[in-house]
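S.K.: Here it is: the structure, laid out below.
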Amino acid sequence: MMNNIFFQLFITFFKIGAFTFGGGWAMISIIEKEIVDKHHWLAKDEFLDQLAVAQSLPGILAVNISVAVGDRLRGMKGSICAALGTILPSFMIILTIAIFLTPDLIKNNEILSKIFKGIRPAVVALIIAPVITSAKAAKIGWKTAVIPIVVALLIWSKLPVVSNPILYIVLGGIGGYLWYRRQLERTRELQGKEVEK
Amino acid sequence: MIYLKLIWSYLKIGLFGFGGGYAMLALIEREIVGPGWITEQMFTDIVAISQMTPGPIGINSATYIGYVAPGEASAMFTNPLFGILGSLVCTLVVVLPSFFLTTYTSHFITKHRESALVKGVFTGLRPVVVGLIASAALLLMNSANFGSVSYDIIVSIIICIAAFSVVFFTKIHPILVIVFAGVAGLFIF
């Protein structure tokens, strides 16, 4: 039982899910240590390939990477074991909190309501910080800044249709494809001219 | 039927949730807070609780919202069992798209990673994701989170700026920032 690969997959991702705070990115380095260094389930470059795929797909990064690793090792069953391991700790912890820390309790308990009044503006700050770090990572300059600014303001506006985030995800994907294809055509044209000379 | 609506919403969140937990918040806000299944304050509280507990924010919020939403939607569903069912449903549905996409498209993406289609799409998504995170921050800067009387608003803005400076300029863990903010709230408000 303990040496069973499915059980090992489940337990490994369960530990990762239970002890990593701070979401996807914090989890990645620990997943890499467990999968590549400790269990030798994947070689480092294989892991990085899977990570690249997991990052580009929608959904929860930690779940994507656990599904990818599980699938790589033992197909569908492997991915179910790995994903369950990742999900279960959060699920049990949050369910316990939800049962005891109800919204009514927060509202009606004087101490809790004061604590949460202090916490809420700090949570907003925790979301402003990644705006700047992700803008830097995406190499947003003064020219390209117009895209995130317009997207953010229109979603914020809560106007019908244009405030739907899904619209911008679809437009961003299509726009990116068209832009990239044009860039490729241009470089080809330039290369063609050089050859003519 | 609240459960069907939750399934539909979380399917969309799972399918279009590009760019990680914070970018997903913009979608969750629209799909879950928009129809009034949970209040603005609850939404922020869930984000806070997610930060302080292990695990991805997408799972944490699905579990919490799934528990709370049925009871908020109808007095029929106030029994905790309906909440647990909601938690199960939302958590499973939010991971379902990534399950199928990862298993069935990973081969395609690995093979075509250098192609114009894959490269272009992801280049185009990057600035949008920044906008999504920014919109989540903007949406949360409201009277539900910053108060409605001037004393509350001023104190909240000070806490927000202080928390931002600590997170952005130091290596202090976000969990500690939330704990400090909670203690500050206890004494100031």
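The values are calculated or read from the model by the stated rules, or taken from the named source; none is laboratory data. Keep in mind that this is a model prediction, so the values were computed, not measured. Ideal geometry is used to build each Cβ from the backbone, glycine not excepted, and the neighbour counts take in all protein chains shown.
S.K.: Any residue at all in segment B:122-143 that's outside any helix (DSSP H, G or I) and within 7 Å of chain A (Cβ to nearest Cβ)?
M.R.: Looking through segment B:122-143, at least one residue is outside any helix (DSSP H, G or I) and within 7 Å of chain A (Cβ to nearest Cβ).
Let's see how each residue does on (1) at the interface with another protein chain (Cβ under 8 Å from one of its Cβ atoms); (2) surrounded by fewer than 23 Cβ atoms within 10 Å (Cβ to Cβ); (3) at pLDDT below 90:
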{"site": "B:Gly14", "(1), (2), (3)": "yes, no, no"}
{"site": "B:Ile46", "(1), (2), (3)": "no, no, no"}
{"site": "B:Thr63", "(1), (2), (3)": "yes, no, no"}
{"site": "B:Ala73", "(1), (2), (3)": "no, yes, yes"}
{"site": "B:Thr78", "(1), (2), (3)": "no, yes, yes"}
{"site": "B:Leu85", "(1), (2), (3)": "no, yes, no"}
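Yes or no, residue by residue, for (1) among the β-branched types (Val, Ile, Thr); (2) more than 20 Å from the chain's Cα centre (by Cα):
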| site | (1), (2) |
| --- | --- |
| A:Trp156 | no, yes |
| A:Leu159 | no, yes |
| A:Ser163 | no, yes |
| A:Val170 | yes, no |
| A:Ile174 | yes, yes |
| A:Tyr177 | no, yes |
| A:Glu189 | no, yes |
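S.K.: Residues being more than 9 Å from chain B (Cβ to nearest Cβ) and either part of a helix (DSSP H, G or I) or in contact with a helix residue (DSSP H, G or I) (Cβ under 6 Å, 6 or more places away or on another chain) (or both): count how many of those fall in segment A:150-197.
M.R.: Counting residues in segment A:150-197 that are more than 9 Å from chain B (Cβ to nearest Cβ) and either part of a helix (DSSP H, G or I) or in contact with a helix residue (DSSP H, G or I) (Cβ under 6 Å, 6 or more places away or on another chain) (or both) gives 16.
S.K.: Look at segment A:56-71 and say how many of its residues are in a helix (DSSP H, G or I) and buried (at least 20 other Cβ atoms within 10 Å of the Cβ).
M.R.: Final tally of qualifying residues: 11.
S.K.: Quick check on segment B:161-170. Is at least one of its residues surrounded by fewer than 19 Cβ atoms within 10 Å (Cβ to Cβ), farther than 13 Å from A:Val123 by Cβ and at the interface with chain A (Cβ under 7 Å from one of its Cβ atoms)?
M.R.: Yes, that holds for at least one residue.
S.K.: Ok, one more. Can you find even one residue in segment A:24-39 that is within 18 Å of B:Val94 (Cβ to Cβ) and in contact with a Pro (Cβ under 9 Å, 6 or more places away or on another chain)?
M.R.: Checking segment A:24-39: at least one residue is within 18 Å of B:Val94 (Cβ to Cβ) and in contact with a Pro (Cβ under 9 Å, 6 or more places away or on another chain).
S.K.: Moving on to the next point. Whether any residue in segment A:29-49 is out of contact with any strand residue (DSSP E or B) (no Cβ under 7 Å at 6 or more places or on another chain), at the interface with another protein chain (Cβ under 9 Å from one of its Cβ atoms) and under 29 Å from A:Ala129 (Cβ atoms) is what I want to check.
M.R.: no
S.K.: Any residue at all in segment B:50-60 that is touching a residue at least 40 places away in the same chain (Cβ under 8 Å) and crowded, with 24+ Cβ neighbours inside 10 Å?
M.R.: Looking through segment B:50-60, at least one residue is touching a residue at least 40 places away in the same chain (Cβ under 8 Å) and crowded, with 24+ Cβ neighbours inside 10 Å.
S.K.: Any residue in segment A:85-106 that is of a type in the set (D, E, K, R), surrounded by fewer than 17 Cβ atoms within 10 Å (Cβ to Cβ), at pLDDT below 95 and out of contact with any strand residue (DSSP E or B) (no Cβ under 7 Å at 6 or more places or on another chain)?
M.R.: yes
S.K.: Testing B:Ile57 on (1) under 21 Å from A:Val161 (Cα atoms); (2) touching a Gly at 6+ places or on another chain (Cβ under 6 Å), one condition comes back false. Which one is that?
M.R.: Among (1) under 21 Å from A:Val161 (Cα atoms); (2) touching a Gly at 6+ places or on another chain (Cβ under 6 Å), B:Ile57 violates only (1).
S.K.: While we're here: Restricting to segment A:113-149, name every residue that is more than 7 Å from chain B (Cβ to nearest Cβ), assigned to a loop (DSSP other than H, G, I, E, B) and on the phi < 0 side of the Ramachandran plot.
M.R.: Once the filter is applied, which keeps residues that are more than 7 Å from chain B (Cβ to nearest Cβ), assigned to a loop (DSSP other than H, G, I, E, B) and on the phi < 0 side of the Ramachandran plot, segment A:113-149 yields A:Gly141, A:Trp142, A:Lys143, A:Ala145.
S.K.: Can you tell me which residue among B:Ser50, B:Ser61, B:Ser9 is over 19 Å from A:Thr20 (Cβ atoms) and either of a type in the set (A, V, I, L, M, F, W, C) or in a helix (DSSP H, G or I) (or both)?
M.R.: B:Ser9
S.K.: Okay, next question. For B:Phe18, all conditions in the list (1) part of a helix (DSSP H, G or I); (2) surrounded by 23 or more Cβ atoms within 10 Å (Cβ to Cβ) hold save one; what is the number of the exception?
M.R.: (1)
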